[in-house]
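The values are calculated or read from the model by the stated rules, or taken from the named source; none is laboratory data. It should be emphasised that the depicted structure is a prediction, and the values quoted were computed from it without experimental measurement. Cβ: placed from backbone, ideal geometry, glycine included. Neighbour counts: every protein chain shown.
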Amino acid sequence: MLFKSLEFKNAVGQKLKIIEIPVLEKNNRYYFMIQIRLQIFVSSLYHKPMEKSCYSYRDYLKRKMNWTDFKNLFSVHGVKSNS
């Protein structure tokens, strides 16, 4: 599975980084849920001053998603070859 990261500055001016964001195809059944949860996660980080500067989206999803969905999401092999 491919992952991406996102860096931005929040309203206070702190630089934040979110890592381990899964890259999914648009026809994947988890695509919409991952996008919506990412928006919620980013907006929750944007408006508050934070102690940490790096957050794992995978850990956030582990707390927020159903465990079977989480296992299915991260066991999906979207890339057929390592090219």
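Does region 1-59 hold any residues that are under 12 Å from the mean Cα position of the chain (by Cα), hydroxyl-bearing (Ser, Thr, Tyr) and over 16 Å from Leu73 (Cβ atoms), and which are they? Scanning region 1-59 gives Ser5, Tyr55.
With respect to the stated conditions, Leu61 fails to be outside any loop (DSSP other than H, G, I, E, B) and at pLDDT below 90.
In a residue-by-residue description of region 1-21, the property of being among the charged types (D, E, K, R) and not in a strand (DSSP E or B) applies to no position.
Do you know which residues across region 14-39 are surrounded by 12 or more Cβ atoms within 10 Å (Cβ to Cβ) and either in contact (Cβ under 8 Å) with a residue 40 or more places away in the chain or of a type in the set (Val, Ile, Thr) (or both)? Within region 14-39, Ile18, Ile19, Ile21, Pro22, Val23, Leu24, Asn28, Tyr30, Ile34 qualify. Residues in region 64-73 that are surrounded by 14 or more Cβ atoms within 10 Å (Cβ to Cβ) and assigned to a loop (DSSP other than H, G, I, E, B): 1 in all. Looking at Glu25, is it of a type in the set (Asp, Glu) and part of a strand (DSSP E or B)? When the stated conditions are applied, Glu25 does not pass them.
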